[in-house]
2 protein chains.
Amino acid sequence: MALDIGVDIGGTNIKLGLVDAQGRVVARGRLKTEARKGPRQALERVAAGVARLRKKHVVRSVGVGIAGLVDHEHGIVRLPPNLPGWHGTGVKEILEELTGLDVHVTNDVNAVCLGEWLFGAGRGCDDLFCLTLGTGVGGAAIVNGRLALGANGAAGELGHTVIFGNGLPCRCGGRGCLERYVGAKYIVRRARARVKAEVKRMTSHRDQMPLFKGGIVEKPSVLAMLPARRLDPETIGRAARDGDRLALELVQETGDFLGLGLVNVVALFDPARIIIGGGIAGLGEPLLKAARRTVLRRGQLFDGRKLEIVPAALGNDAGIAGASRLGRLPAPA
Amino acid sequence: MALDIGVDIGGTNIKLGLVDAQGRVVARGRLKTEARKGPRQALERVAAGVARLRKKHVVRSVGVGIAGLVDHEHGIVRLPPNLPGWHGTGVKEILEELTGLDVHVTNDVNAVCLGEWLFGAGRGCDDLFCLTLGTGVGGAAIVNGRLALGANGAAGELGHTVIFGNGLPCRCGGRGCLERYVGAKYIVRRARARVKAEVKRMTSHRDQMPLFKGGIVEKPSVLAMLPARRLDPETIGRAARDGDRLALELVQETGDFLGLGLVNVVALFDPARIIIGGGIAGLGEPLLKAARRTVLRRGQLFDGRKLEIVPAALGNDAGIAGASRLGRLPAPA
């Protein structure tokens, strides 16, 4: 049987995979995007990668996931945040011309959502929401067993939903957007401020020794002993898992904010499952636990409501696996 | 050709209509719900009403819209807010038994949304969101040309989306829900507080005369001259249309809040059209204008984005017209 190829075009790397009907990546390719050299050269190398994979198997179609607004009918990408100079690129047209294969294009988070839905944490679920937490906060929804694209290919934009109407200004021009509270760099920014306060508190103590609190020696946070540039989400997550108080507070606070965003997802989509992936999801169970608690407290839970909040299952392959199925989905209604 | 009957079951009245293929109500019935006497007696009278309409035309199916959580497969209503004692009623089963017709049941706002989509302000639009503003704030979405029901029949619950994460406590147990800011009684509550402040300001003025501001006699708001019980959304809307400053401020503020809720709808569903109906929509153009401005400012608008915010077109018939089509929709995927 013919297989399909999934392509994940990022700002730095492009990953390709030959994907079987069970969503397994049976062969792969990887290349540099070199985004600044423009889309044509990159897509020519993608076509060469596709040609290499075709030597191993009969290929039926190519599906591409790419960050940005995608015109799904024409396979054109608009406003790609990490691909300067790619605005308006007819990815579908160029790749079809270069490969002679049927090519479909979607937003990168849509591809991840499709992957998790068909092969990962969302299997068997007709209504789900998938989010990716990283530098940006992305989302995509399956509604009635179909990907929700929206009228402009922009559905699922969880990052710029409002959780604090009068909140902090966001790079999008709005205020109080979810991304402004749970995006990687804002977590780090909050961490730095907290660490600074912690260090000040510790060193202001006369004898410069660990603080006593209720008769117990209070251990300083490990985060306070790292150089500032080492304060990244992974380090914070690791420290939280090791029981570091400050790290745990940061992760829980992030989970509380995330939970507010999820309340809105629950209210509007009523998904049976919310799937959380992306780098920040590596903050792990304490993050999900705090998010779940906020949703439980605010999410209009009624007896027997079907709702799970679970981590993504496929990791980095989700986008490739999902994109590969684009040519096999039923046509939009 | 056989026609269909739409039924709109409210807490006080039940409206029935024989609806043609163009969504026109060609014959009607109306009866008291007498909700406290239980569902059986009410549904028996609905069946009698259906029988009367059948004398005029061949009827194919009956569609029912009812406030509450609806199990769409079995046509059971749960937690109906205005129908005490109806929790768990098998509306479909009872009405099918009583009428011998095919019966379908959905949430009342879903019915309005279907009506506006098929026959009203949403015609020709595959991705839209419809909201009803009144005592409560309801919503429903069409995604990919289908009604989004959600995994629990609870999709579109705009009223309890969070717009102020640390906002005012809401009756749902959450905080900062949209309904807490734009629900009818909260608008009135805000109006009363403002009027009180206005009256205080005017009477504290030594000569008890209209205030001078920049050399111009400032006219007191007409709202300040009404008895408190007359302060309802219609009066406020009328005063705003007449140019009353205080009323206009109240309407604009309400529109700003509504706009924050719509930012989240736009971000998550990316509808081509947002349709606003319900009593509060009677606040009219100043309300929509303020809401549009907030969305424009915050809603990640990009060049050529398809998005309109428009008033509902069908008025009170939307629910009947929409419900009547339930038996003619394609089966869920």
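The values are calculated or read from the model by the stated rules, or taken from the named source; none is laboratory data. Being a predicted model, the structure only gives us computed values, none of them experimental. All Cβ positions, even for glycine, are placed from backbone atoms using ideal geometry, and neighbour counts span all protein chains on display. Note: accessible area is taken over every heavy atom of the protein model, side chains too, but ligands, DNA and RNA are not part of it. Shrake-Rupley method; radii C 1.70, N 1.55, O 1.52, S 1.80 Å.
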For this session: Take every DSSP beta bridge whose two residues both sit in chain A, then give the antiparallel share in percent to the nearest 5.
Result: 60
Exercise. What accessible area per residue comes out for region A:251-314, rounded to a whole number of Å², with a 1.4 Å probe?
Worked result: 36
Seminar exercise, completed: Within the under-14-Å Cβ sphere about residue A:171, not counting residue A:171, Lys/Arg +1 and Asp/Glu -1 give a net charge of +3
Exercise. What net charge is computed for the residues neighbouring residue A:38, neighbours being all others with C-beta under 15 Å from the C-beta of residue A:38, Lys and Arg scored +1, Asp and Glu -1?
Worked result: +3
For this session: Note the distances from residue B:52 to each other copy's matching label point, with points 7 Å along the Cα-to-beta-carbon direction, in nm, sorted shortest first.
Result: 7.7
Exercise. Can you run phi through the Karplus equation (6.51, -1.76, 1.60; θ = phi - 60°) for region B:15-20 and list ³J(HN,Hα) in whole Hz, with x for Gly and Pro?
Worked result: 10, 10, x, 8, 10, 8
For this session: Pick out, from B:301, B:316, B:278, the residue whose Cα sits farthest towards the positive end of the charge dipole of region B:269-321, with +1 on the Cβ of Lys and Arg and -1 on the Cβ of Asp and Glu.
Result: B:301
Exercise. On average, how many beta carbons from a partner chain sit within 10 Å of the beta carbon of a residue in B:136-149?
Worked result: 4
For this session: Please give the residues of region B:49-71, grouped as numeric ranges, whose backbone N is less than 20 Å from a label point set 7 Å along the Cα-to-Cβ vector of residue B:135.
Result: B:65-70
Problem set entry | chain A: angle of helix A:285-298 to the longest principal axis, Cα-based, in degrees nearest 10 | 90
Problem set entry | Heavy-atom accessible area ranking, 1.4 Å probe, most first, across B:117, A:86 | B:117, A:86
Problem set entry | Rounded to 5, the percent of DSSP beta bridges in region B:11-102 classed as antiparallel | 90
Seminar exercise, completed: Per the C-alpha gyration tensor (a ≥ b ≥ c, the square roots of its eigenvalues), region A:211-333 is rounded if a/c is under 1.5, else prolate if a/b beats b/c, else oblate; here it's oblate
Problem set entry | At least 30 Å² of accessible area lost relative to the chain alone, listed for region A:304-333 with a 1.4 Å probe | A:306, A:333
Exercise. To the nearest 10 Å², what's residue B:270's accessible area with a 1.4 Å probe?
Worked result: 0
Seminar exercise, completed: In degrees, nearest 10, the alpha-carbon axis of helix B:39-54 is tilted away from the dominant principal axis of the alpha carbons of chain B by 70
Problem set entry | Magnitude of the charge dipole, region A:1-84, Cβ model with Lys/Arg +1 and Asp/Glu -1, debye to 20 | 460
For this session: Between the chain alone and the structure with every protein chain in place, find the residues of region A:264-293 that drop at least 20 Å² of accessible area; heavy atoms, 1.4 Å probe.
Result: A:264, A:267, A:268, A:269, A:270
Exercise. Per residue, what accessible area does region B:1-117 have, given a 1.4 Å probe and all protein chains present, in Å²?
Worked result: 44
Exercise. Nearest 20 debye, what's the magnitude of the dipole of region A:56-174 about its Cα centre given +1 on Lys and Arg Cβ and -1 on Asp and Glu Cβ?
Worked result: 240
Exercise. How much net charge surrounds residue B:320 when only the other residues with a Cβ under 13 Å from the Cβ of residue B:320 are counted, with Lys and Arg +1 and Asp and Glu -1?
Worked result: -1
For this session: Quick one: work out the % antiparallel among DSSP beta bridges in region A:63-114, nearest 5.
Result: 55
Exercise. With θ set to phi - 60° and the Karplus curve 6.51 cos²θ - 1.76 cosθ + 1.60, what are the ³J(HN,Hα) couplings of region B:141-158 in order, to the nearest whole Hz, using x for Gly and Pro?
Worked result: 10, 9, 10, 6, x, 9, 5, 7, 8, x, 6, 10, x, 10, 5, x, 6, 4
Exercise. Which of the lysines could a cross-linker span from residue B:200 if the Cα-Cα distance has to be under 26 Å and same-chain partners fewer than 8 positions apart are dropped?
Worked result: B:185, B:213, B:219
Exercise. To the nearest 20 debye, what charge dipole does chain B have about its Cα centre, counting +1 at the Cβ of each Lys and Arg and -1 at the Cβ of each Asp and Glu?
Worked result: 1060
For this session: Could you work out how far helix A:245-269 tilts from the main Cα principal axis of chain A, as a 0 to 90 degree angle to the nearest 10?
Result: 50
Exercise. Do the alpha carbons of any pairs in A:32/A:55; A:92/B:306; A:306/B:37 sit beyond 27 Å of each other, and which pairs?
Worked result: A:306/B:37
Exercise. Which residues' amide hydrogens lie under 5 Å from the amide hydrogen of residue A:147, considering only partners 5 or more residues apart or on another chain, with H built in the peptide plane?
Worked result: none
Exercise. Roughly how big is the B-A contact, given as buried accessible area in Å² (both sides, 1.4 Å probe, nearest 100)?
Worked result: 3900
Exercise. Amide H neighbours of residue A:104 under 5 Å, counting only residues 5+ apart in sequence or on other chains, H built in-plane at 1.01 Å?
Worked result: A:62, A:63, A:64
Exercise. Accessible surface of residue A:164 in the full protein assembly, 1.4 angstrom probe, to the nearest 10 Å²?
Worked result: 30
Problem set entry | chain B, accessible surface, carbon-and-sulfur percent (1.4 angstrom probe) | 53
Seminar exercise, completed: Counting only residues 5 or more apart in sequence or on a different chain, those whose built amide H sits under 5 Å from that of residue A:167 are A:176
Exercise. If the chain between residue A:306 and residue A:202 were fully stretched, how many nm would it gain, using 0.36 nm times the residue separation less the Cα-Cα distance?
Worked result: 32.8 nm
